[in-house]
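Below is one structure, written out as structure tokens, with a few remarks after it.
Laboratory data are not the source of any read-out in this text; all were calculated from the coordinates shown. Everything numeric here is computed off the predicted structure, so don't read it as measured data. Here the Cβ is made from the backbone with ideal geometry for all residues, glycine too, and neighbour counts use every protein chain on show.
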Amino acid sequence: MLCELSHERYLFMACVRRGGILPLAIAQQNCALNRPLVSKLPNTGTTIFTVMSKLAHDEGAINLSQGFPDFEPPPALLERITHYLNAGYNQYGPMAGVFELRQVVSDKIKACYGLSADADAEITITPGATEALFVALSAVVHAGDEVIILDPAYDAYDPSVRLNGGVPVHVPLSAVDFSVDWQAVEDAITPRTRLIMTNTPHNPTSAIWDASDIASLRTLVSRYGLYVVADEVYEHIVFDGCRHESLLRYPDLFERSFVVSSFGKTLHATGWRIGVCVAPAALTSEFRKLHQYVSFATNAPLQYGIADFLRTCPEHYLGLADFYQGKRDHFARLLADSRFRLLPSRGTYFQLADYSLVSDAPDVDLATRLTREIKVASVPVSVFCEQPMDVRVIRFCFAKHEDTLKEAAARLCGV
Ligand SMILES: Cc1ncc(COP(=O)(O)O)c(C=O)c1O
């Protein structure tokens, strides 16, 4: 009965019956407690990485599903971080990030991509790339704005757009080589399109962009006034002598972009949760307005330690592509006699495998079966797509010890 009272009637009754205001208020509070929570993401389940890693754990399987190394970060880096932990650097760091790290990132960007990014005004250190992607989207996307997402896409993008009231518009990549169909992208643009998400090197497909992709993006950004959130967490893992087409190479694109990277990926330390967002001053200013209330600041001793390490050991990130290319080639050699057909892996630390010769089951079923039966966990690619893609592929992570890959490949060769 009380639940059906309108707000106005409730106020009226509360006024006229002063003695009854408390019981009425409590009754209404109880009604509110009975109201079910309305989900903001009614169709979103648990991320596939958590699902597959849990299954791998429960089944005692080799976990080639979630993207993390099974080896340690460089000892020199651990030493630096331990130093700062023991030297009293354990309180809040600056909201935008420790200046020493922002300066090292600025120098690295200049050396790698030629851009002079202002450490004070254009670089923000974040708790992981995930936070940076969310905050960048939040800074730009208003209710009803459309955001173009290229499918298959990293699974954080779609919910992050929705949580900000935006409308994700999914445009499929080519089912043959996962290249971008730029005409399809342009066809998807409407007066409400605000932003496009880019990701090179690309998870889950391992495709990379070339100069023609950049030219097409440039045309659309200037023609339609789009913003860009560029996910470049695998910026240092590009194979076969190709160069990483960072948006930081192109000053006109940078003017409209938030470029996000991850120290977790670069330093073999995904558990540390530390990333970076580079954007022009005006965009960074908006970014920080949100960042300060989402996480405020990022783990301080890590930042000091990483700054020292990147300054003194640039060979680590400069050698990352060769390091992972060795693992990619090792894994491919081990699987050469299997019934899996490996698709080109041009960057990241992932390898897609076509399993048409093994099974015609849907990829979710096959990935689950392989985890349960031969104890090797992978990730089904269909979960990264809004619409089903006409491919039978699963993704393996090869950021693993040689022996881990050897054992996994031996099991996969038996399928
Ligand atoms: C494409 C892509 N973007 C973002 C992230 C998240 O990075 P972080 O662990 O720094 O939050 C990942 C992690 O797997 C990724 O693959």
Assuming a viscosity of 0.890 mPa s and a temperature of 25 °C, what translational diffusion coefficient in µm² per second does Stokes-Einstein assign to the range 176-244, Rh being the Kirkwood radius over Cα pairs? 189
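Just to check, using Stokes-Einstein with a Kirkwood Rh over alpha carbon pairs, what's the diffusion coefficient of the range 34-181 at 10 °C and 1.306 mPa s in µm²/s? Walk me through the intermediate numbers first.
Values: Rh = 19.5 Å.
Once the numbers are plugged in, D ends up at 81 µm²/s.
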Normalised by the residues of the range 75-312, what does the relative contact order come to in percent, with Cα pairs under 8 Å and at least six apart? 31
In 10 Å bins starting at 0, how do the alpha-carbon pair distances of the range 75-312 split up by percent? 8, 33, 36, 18, 5, 0
Project the alpha carbons of the chain onto their principal axes and report the range along each, largest first, in whole Å. 83, 51, 51
For the range 313-361, what does the equivalent ellipsoid look like in terms of its semi-axes, each the square root of 5 times an eigenvalue of the Cα gyration tensor, given largest first in whole Å? 28, 11, 6
When N counts the residues of the range 212-252, how does its alpha-carbon radius of gyration compare numerically with 2.2 N^0.38 Å, as a ratio? 1.28
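Please report the antiparallel percentage of the DSSP beta bridges confined to the chain, to the nearest 5. Mind showing how you got there, number by number?
On the way: 18 of 38 bridges.
Looking only at bridges with both residues in the chain, the antiparallel portion is about 45 percent.
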With a 10 Å Cβ neighbour count serving as the proxy for reagent exposure, in which order, fewest first, do E146, E100, E235 appear? E100, E146, E235
Go through 380-391, 62-73, 267-278, 404-415 and give me the packing order, highest mean Cβ count within 10 Å leading. 267-278, 62-73, 404-415, 380-391
Along the range 83-99, Karplus-curve 3J(HN,Hα) (6.51, -1.76, 1.60; θ = phi - 60°) to the nearest Hz, with x for Gly and Pro, reads 4, 6, 4, 8, 9, x, 9, 10, 9, 3, x, x, 4, 7, x, 4, 4
Show me, for the range 36-42, the HN-Hα J-couplings you get by feeding each phi into the Karplus relation (A = 6.51, B = -1.76, C = 1.60, θ = phi - 60°), rounded to Hz, glycine and proline as x. x, 5, 9, 5, 7, 10, x
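Going by how many other beta carbons lie within 10 Å of each one, how would you line up T368, T44, fewest first? Could the numbers behind the result be given before it?
Values: T368 19, T44 13.
Going from sparsest to densest Cβ surroundings: T44, T368.
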Longest to shortest principal axis, alpha-carbon extents of the range 282-324, angstrom: 38, 23, 18
log10 of Debye I(q)/I(0), alpha-carbon scatterers only, for the range 113-163 at 0.29 Å⁻¹: -1.13
So what does the Cα-only Debye profile of the range 136-192 read at q = 0.21 Å⁻¹, as log10 I(q)/I(0), no solvent term? -0.79
Rg (Å, one decimal) plus Dmax (Å, integer) for the alpha carbons of the range 253-301? 12.1, 33
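Pop out the Kirkwood hydrodynamic radius of the range 307-413 from its pairwise C-alpha distances, inverse of mean 1/r, in Å to one decimal.
Numbers: mean 1/r = 0.0666 Å⁻¹.
This gives a value of 15.0 Å.
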Of K265/K327; K110/K327; K265/K400; K110/K289; K265/K289; K54/K406, those spanning more than 24 Å from alpha-carbon to alpha-carbon: K110/K327; K110/K289; K265/K289
